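Written below as structure tokens is the structure these notes are about.
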Amino acid sequence: MDHTTNHQLSQWENTDRVLMEDFNADNAKIDAALRAEADARAAADAALAAQVAKLGNCQISRFTYTGTGPDVPQVLTFPKKPLMVMMMNGSGCAAFCLYGFTSSRLLDSSDGHFPVSWTENSLTWTSSTMNAKGTPYPALVLYAMD
């Protein structure tokens, strides 16, 4: 009697004697392979669900800071590591700072940027952009939900 390559299931020839033990052994192999596949899929589904649950979920905090002027570093410190900080000025300019990037992105007619630096939970820059002395700036920060 021959056997299949992957699971060693019985492959009878016309001359082979068919035995109940062979059927039972094959069924046990099939059952074990199906259980292993179902367990692997369940584990993969659970891992994927855990990752998907993190997507699109964040904590949002609104705050206002006051500009320190172009010669004094502006330091924004947060209670935990931010993902992104968004700031606005009174003339409709917005700045976006993504954690880990060394440059901001300005959304205005200048299509510009300004250099920034990060630590674990703070953002620092020295520029007049979004930092005019004594000027209040509304801002949002997004934190990961992990």
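The values are calculated or read from the model by the stated rules, or taken from the named source; none is laboratory data. Only a predicted model underlies this, so the values are computations on that prediction, with no experimental measurement involved. With ideal geometry, Cβ positions are generated from the backbone for all residues, glycine too; neighbour counts draw on all protein chains shown. When the accessible area is computed, the model is the full protein with side chains, heavy atoms only, and any ligands, DNA or RNA have been set aside. Shrake-Rupley method; radii C 1.70, N 1.55, O 1.52, S 1.80 Å.
Couple of notes before you dig in:
- Pairs of Lys residues in the chain that lie 8 or more places apart, or on two chains, and have C-alpha atoms under 27 angstrom apart add up to 4.
- Estimated from the Cβ-Cβ distance and a Förster radius of 30 angstrom, the FRET efficiency linking A33 and L55 is about 0.35.
- Under a model in which nothing but the beta-carbon of Lys, Arg (+1) and Asp, Glu (-1) is charged, the range 1-49 shows a dipole of about 160 debye around its Cα centre.
- Candidates per trypsin sites (Lys or Arg not before Pro) in the range 49-94, loop by DSSP, up to 16 other Cβ within 10 Å: K80
- Each stretch of four or more DSSP H residues adds -39500 (n - 2.57); spread over every residue of the chain, this sum gives -9000 deg cm²/dmol at 222 nm.
- Protein accessible area in the range 54-146, 1.4 Å probe - carbon and sulfur %: 58
- Packing here is the average count of other Cβ atoms within 10 Å per residue, and on that basis the peptides 63-70, 4-11, highest first, run 63-70, 4-11.
- Each listed q (0.12, 0.15, 0.22 Å⁻¹) maps to a log10 I(q)/I(0) for the range 61-145 from the Debye sum over equal C-alpha point scatterers, namely -0.30, -0.47, -1.07.
- Working note: Karplus 6.51/-1.76/1.60 with θ = phi - 60° gives the range 77-90 the couplings 10, 10, x, 8, 5, x, 8, 7, 10, 10, 10, 10, 10, x Hz, where Gly and Pro are set to x.
- Selected from E120, E21, E37 as most flexible by GNM, with the chain as the system and alpha-carbon contacts under 10 Å: E21
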